[in-house]
Amino acid sequence: MLIRPREGEAHLHIDFVPMVDVLFNILIFFLLATSFKQLEREMQIALPYAAASGPLSATLRELVINVTDGGDMIVNGQAVAEADLRGMVTSLVAGNPGQKVTVRGDRTTAYANVVKALDICKGAGIQEPYLDTVLGG
């Protein structure tokens, strides 16, 4: 006995073939794009010498100043006196006028300690020192 669906019931069919086709095309595209990049790196090119050679752009390293609850200023894990910090920031600005500085103050420290670190940065030539805070909790 053959059971036929009723006229009111429509059989839904989702066709995944177009989606699979698109995924394979994307996969092929990325495989080809990465292989071209690899071929470009493996080319044997004799580069010329330069008298004043160096990297085209030096990566800028951000200076982070941590202010503890006691008011001590810590840079790279070591406590730094105000005069030493001023000299450090001044030398960094002399080498790179766009030097980035972040000041992170402990939540229990007096605000005057954080302002002291920001004042040292501004006095040394940092245009916009960044004050780091934690949102929430």
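The values are calculated or read from the model by the stated rules, or taken from the named source; none is laboratory data. Everything numeric in this text was worked out from a predicted model, so none of it was measured. Every residue, glycine among them, receives a Cβ derived from its backbone with ideal geometry; neighbour counts consider all protein chains shown.
Before moving on, here are some points about what is shown:
- Single condition L56 does not satisfy, out of (1) at pLDDT 85 or above; (2) closer than 30 Å to T102 by Cβ: (1)
- Where R86 falls short, out of the listed (1) modelled with pLDDT of 90 or more; (2) over 17 Å from Y130 (Cα atoms): (2)
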